[in-house]
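Single-structure report; data block below.
Every read-out reported here was derived from the displayed coordinates using simple, explicitly stated rules and does not represent laboratory data. Fair warning: this is a prediction, and the values are worked out from it, not measured in the lab. All Cβ positions, glycine included, derive from the backbone under ideal geometry; neighbour counts span all protein chains shown.
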């Protein structure tokens, strides 16, 4: 390192070496802070906890706000034309809006306003509210008031539960489901006891109810009695409204005391309603009981809940946007525990006492806990592996302890950084720490190695301070540059936006935090502690020479660490501890032995490489060519060759073996549950839909691997769930593959033929094939919410057909459905187009001339139709804290057929009555069950799914090409004004690829700049940068090997390595590319260390002959080979537990780890490539100088 390079860091180094106590105290304080904010559920005794916010995965949903408007009784078409479309066009003009999606259903308009990422969530709510407040009253029908939904997204649905009657536990009789409560009673308890209690919990945005029956005071008028009494529907409605009112008359003073005056007139019972006077003739009153039947019954509902085939009542807790889900769930459970003893009780006929219990059937705490558990185990195992590798390879106990301490310290500093920068802990964010574990000790390894290589010229703190200072001056700049290249390698992730940016941005943040922490700890904390440790007793290198027994301490300690790791890792399962320990030794020992042998034979191999430069350099060149071919496929890589060569038998065989990789957005996170989402036919009533749901749930529940099934139809009472009654959502929870029995042995719970969750899904899909229900895509709860938020689809991908005419849209959608079913790669039976027009309508077309003859207005007749058929809520009965509606309607038997409807009586201004059939034409029509829209256009979705093994991006490109060809060939005709486009998660992958194509070259260029600033030579920089190409090829080589059926098909103590390492085809997803980005940053580390050592070696000695040059190269290589191998070994071996992990969250970690492992194994070539190229350059320079001389 030159003086100019050293100067910026020298004051920091000097201060740390002089102030060891201050450094130790500061490091200790930060470490304690890290313990306090750590996301894991650690028991720290009296130490308070302030955990980082925790969730399973990042919230990748769109920045959207929901606007809903009720218009009771109106058809979807009326709601669309008179509410949804005007609101959509108004909201499209709000600043920052990217898109507006809408859904018009029976009596409800639901609009999702999607904002760009730059708009703050709360600011977007303010803008929508301002727009709604300025809305012209004439824009919407009278009485319609749009409102803003909760400050949450559907991703916030973290806790679903049912209310059930359970027997009260007694001695010898544990509590069990026992019933004792009706659906109406349970719904009242949910609405007026449970919901208010949970809604008051901090962080809860909403508690919505579903299922059961809402209690309603129902007035069923008798048309014959009304006609006899001369009473009209309008009079009944007006009298009921006027009979339910309290008044206040301020106060009066009596005997110098002030009394508050109240006029009591609220309805309190059915008898109060029956006593309402509708009309009085000659002082003879006509009461409501004389013209109607008043009762308490169930209100009309648009949703229902089913549990295992039995109707149920429940609710969902929605977490506020930005709140800590784990903390909110803990508070919700605490509130439930407080509420449980006070919930209502009942007695069964046999005397059994039952009590209402809140029974969760979806609790994200479990997924979060399992995911964090997987990450915690992975981090713990990686730390143990790293410690074992350091102890064995560094071979100096004090130095090994010093370096090993950096790992937990850097992780704790990472937790502090997550708290300071607002990074939530989830499977992706913590994966950033997991893939960086092996890299965290690189700085410490290099600095410590350089320190113990300093000459042992003395003893004591002064000597240690000088020696460590010289080591920092020698390698400080190089290791800082090496870590900074790793940080820069992740710049493309920070540049991502949309769902991919939200998903992997936290990973880039955590990895950057811990890497920066490793620099600070490695260059400040470690040197200060090294002065103390190395200054006490003999110098580490001398200590090793003088005390041979000390050599045994390292292996003994490493063996102890490996034993501890084997018990924690248990690669063969907890029921085989001995075999698992031996497997741990093999899985770590064999690769470690390879590193040791490479170290032992390094000098001999390097001398051969220097003597046979071209032959050796052909090896990395061939590896790069293989990597390109594995990535793109043989046909794309060598399609430029003559057709005779491409069509030859060897070429075709290679093309079959190397077809390239499928592409997808991200791996599927195993949530332990499916969300089965078929739909019923559009004509199905809520009763029919509920029957179909219960049939499907009972059949699915009978599958041995299924633990529980809870389904719903329609919507919960929330703006977050705009679902028509034909939409089914069944939460299917399946059993874990293994469980521990009473003896602690692992017992498999799945049948032999069931190997993966996909196999369970196939069983579920087959069982749910009930006549009247469609097929459904394989989805999971969080995955479904994320997809629906991003695309508006209930499947991973689909075709959106947009236009202005519903008939044309449905016709084109059905044609596209047929085309999709014929495309290779589309999962059989998954293509399904929305049946837009299939709901039976009875349309009452008023005859205006007939109305004129009777002196009637359209409004007066429509009021009768609305009240008699649909029912109108007149007022509300207040029962303490509970509120129940009062409605008026014709009895069911008077509106059961179209003939009954024709006989409905309409009062005339003359005092008579006219049957509705004389005033209107009644007919059956086909109409929409719901009307979807996007940006002002009507919409129909054609959903489909990829077959197993087919990448979403590749299938989307195939579908796009086939549909375009169908349009060009005339097989798909698009009417004027109608268009279609593909949508789905693949759009995120396409957008991420475009971002990487732009930003990745910039990041690589910055890495080159950093290397050049350190090396001060363009040629040397190119030599070091070649490691990126080699690592990139190694990553793709390992991905290709994972797709080969023979790879790792080897037994290990009764297990198979393919199953242990979960070997199988891996699609190119954003997760894989993130693994490559992590690789690119560390791929130059070994080369940089070698190049720095080579430069320093050639600066120290004079070389005039080829033999002298090669000796200098060998000497420089030998000086840095141990830290190079140690840094590579810690990175590779620390990821082995990740490659074998199977818990929740491993689905994302494993694809990131594969290219890193493959690339780091390949980049070991850099310890030969850089010296060989450097030697070649010096020899060519010498030859050129001699020729000129």
Compute the long axis of helix 757-767 from its Cα atoms, compare it with the longest principal axis of the Cα atoms of the chain, and write down the angle in degrees, 0 to 90, nearest 10. 20
Let me know the Rg and Dmax you get for region 114-157 when you use only its Cα atoms, in Å. 12.9, 36
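From the P(r) of region 626-667, could you give the percentage of C-alpha pairs in the tail past 11 Å?
Values: 548 of 861 pairs.
Summing the P(r) of region 626-667 above 11 Å gives 64 percent of all pairs.
Before anything else, pin down the relative contact order of the chain: Cα pairs under 8 Å, at least 6 apart, normalised by residue count, whole percent.
Numbers: 2182 pairs, mean separation 189.6, N = 1189.
Reported as a whole number, the value is 16 percent.
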At each listed q (0.09, 0.24 Å⁻¹), what is the log10 of I(q)/I(0) that the Debye formula gives for region 672-779 modelled as equal alpha-carbon point scatterers? -0.27, -1.28
Using Cα atoms only, what is the angle between the long axis of helix 686-701 and the major principal axis of the chain, expressed in degrees (0 to 90) to the nearest 10? 40
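Dividing the convex hull volume of the alpha carbon atoms of region 62-152 by its residue count, what do you get in Å³ per residue?
Values: hull volume 7.6 nm³, N = 91.
Convex hull of Cα atoms, per residue: 83 Å³.
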Explain nothing, just the number: relative contact order of region 1073-1173, from Cα pairs under 8 Å at least 6 residues apart, as a whole percent. 46
Jot down the radius of gyration and Dmax of region 341-439, Cα atoms only, both in angstrom. 23.4, 78
Between residue 1022 and residue 1056, what FRET efficiency follows from the Cβ-Cβ distance if R0 is 60 Å, with the result rounded to 0.05? 0.90
Where the Cα pairs of region 745-882 fall when distances are cut into 5 Å bins, in %: 2, 7, 9, 11, 12, 10, 8, 10, 10, 8, 6, 4, 2, 1, 1, 0, 0, 0
Neighbouring Cβ atoms within 10 Å as the yardstick, rank 448, 908 fewest first. 908, 448
In degrees rounded to 10, the 0-90 angle between helix 952-969 Cα long axis and the longest Cα principal axis of the chain is 60
Beta bridges by DSSP in the chain, antiparallel share as percent, to the nearest 5: 95
Fewest-first ordering of 447, 872, 32 by Cβ atoms within 10 Å yields 32, 872, 447
I need the Kirkwood Rh of region 984-1128: take the reciprocal of the average 1/r across all distinct C-alpha pairs and report it in angstrom. 18.3
I need to check one value: relative contact order of region 62-152, counting alpha carbon pairs closer than 8 Å and at least 6 residues apart, in percent. 41
Which value, in nm² and rounded to one decimal, describes the direction-averaged projected area of the C-alpha convex hull of the chain? 62.9
Take the Cα radius of gyration of region 794-842 and divide it by 2.2 N^0.38 Å, with N its residue count; two decimals is plenty. 1.26
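Provide 302, 1016 in ascending order of the number of other Cβ atoms located within 10 Å of each residue's Cβ, fewest first. Intermediate values should be presented prior to the final figure.
Details: 302 17, 1016 12.
In order of increasing Cβ crowding within 10 Å: 1016, 302.
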